[in-house]
Amino acid sequence: MIAIGKVLAVHASALEVRLPFASIGEGVCVHAQGSLVRGEVSGVMQGRAIVLAHDPCGGVRAGDEAVSEAHALCAPLGMQLLGRCVDARGCPIDGGRAVRAPLRPLAVSAPHPHERAAIDDSLWTGVRAIDALLTIGRGARIGIFGPPGAGKSTLLHAIARGTYADAIVIGLIGERGREAEEWMRAAPRHAAIVCATSDRSAPERIRAARLAIAQAHALRSRGLHVLLILDSVARYAGALREVALARGETAGRAGYPPGVFAQLAASLEVAGAMNGGSITLVATVLSDGDERDPVSDAARSLLDGHIQLSSSLAAAGRFPAIDVPLSASRTMNEVVSARHRGDAALVHAALASLAETADARRLGMQPVEAQAAKAAAAEPALVAFLRQGGRPEDPAATLSQLAALADTLR
């Protein structure tokens, strides 16, 4: 049933509309002068609907016609998006022609537990430190945590270049325009980029994240193994908070309404392995060491592992600046061989020992315990192993180097 109403008031990216029988989550199109503004009903009160606009509201005024329209919440999805860069509406921003693909709903739900498949295969990224010591299972959800300037974007570019995946979807949420241009220039041909830069409204940033997730879901439904890069979860959560507060929800911890974390969980749960296809999620989370940060806490509880970046390692010029002892992959043990698992455990222990004895060694006191002494002697080789240039490393070469390094620590 199509309902027709009128705009009553305009508040930034939120519209008050008199729309009969409006319901939460319904799509709406507003016919403004010379433009069509799409949005979603996010609240209903006293005969009025609050519509969050997904398009710029310039030109919208009271009295404009508003029509309920299911296609307002749809976008072009599928193979035709590969090699393209689009905005939150699915419109090209790469200078190319319009994407000719079927319009599909952006609302996708996570698979039920009985629909999921076991994570039993490795996803090789070409990043030696990850493949050797923090191996990612295909279908896992991994977070890259770190403060500004620790190399999160550089690491994402390296993962996109080197990952063994059928298709890649890159969601740039609240990103700087310069970095979006870098992604368009450097992304592989089998990647689709969805971008809503930092100057776009909160509803647009939310829609861009949902479009990226829906695109990955559409490719997985075709039996493809998909790498979904989401940069960043913190900015996505910030947009969800902005919309929730505008809707009148009560602020909770650090100003985040509780509903934000439920929406975040629903989005991240879409990733995973199924029979015939998978979505492996790699998401960045801005983390400056504040233990009270609720987004970081929520992300750690929702993800299958975390890669912690260190600003001190980045300042020392090491790439990737991964703090291995503070990182973890919960799917590694299920996807690697017993030899790989044992070699990685030895290197993990050596790196932890180096961290524990760093202050003493700085003062000239060398460890006397056997394993700590071996770790100290092997420190140059460990650092060289963890440091990598811009080229992806072949998995077989990575495992061979890991085995040789582990043999020196036995």
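Overview of results
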item: Estimated FRET transfer efficiency when R0 is 41 angstrom, pair residue 262-residue 312 (beta carbons, to 0.05); result: 0.70
item: Segment residue 381-residue 292, extension gain: residue separation times 0.36 nm, minus the distance between their alpha carbons; result: 28.4 nm
item: Extended-chain gain in nm, criterion 0.36 nm per residue less alpha-carbon gap, residue 65 and residue 366; result: 100.6 nm
item: Cβ-derived FRET efficiency at R0 30 Å, residue 334 paired with residue 112, nearest 0.05; result: 0.90
item: Translational diffusion of region 338-409, µm² s⁻¹ [Kirkwood Rh, Cα pairs; Stokes-Einstein; 25 °C; 0.890 mPa s]; result: 189
item: Percent of Cα-Cα distances greater than 40 Å, calculated over the chain; result: 23
item: The chain - share of DSSP beta bridges that are antiparallel (%, nearest 5); result: 55
item: Normalised contact order of the chain, rounded percent, pairs of Cα under 8 Å and 6 or more residues apart; result: 17
item: Highest-MSF residue in the chain out of 168, 142, 119 [GNM, Cα springs under 10 Å]; result: 119
item: Which of 7, 284, 266, positive extreme of dipole for the chain (C-beta unit charges); result: 7
item: Anisotropy class of region 30-81 from Cα gyration tensor, a/c 1.5 cut; result: oblate
item: Anisotropy class of region 216-371 from Cα gyration tensor, a/c 1.5 cut; result: oblate
item: Cα→Cβ-extended label distance, 7 Å offset, between residue 341 and residue 120, nm; result: 1.4
item: Cβ charges +1 (Lys, Arg) and -1 (Asp, Glu), total dipole of the chain, debye; result: 600
item: Residue exposure sequence - 336, 282 - by fewest surrounding Cβ within 10 Å; result: 336, 282
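A short reminder: the numbers here are calculations on the coordinates, not readings from a lab. Because the structure is predicted, anything quoted here is derived from the model rather than measured. FYI the Cβ positions are ideal-geometry reconstructions off the backbone, even for glycines, and counts take in every protein chain you see.
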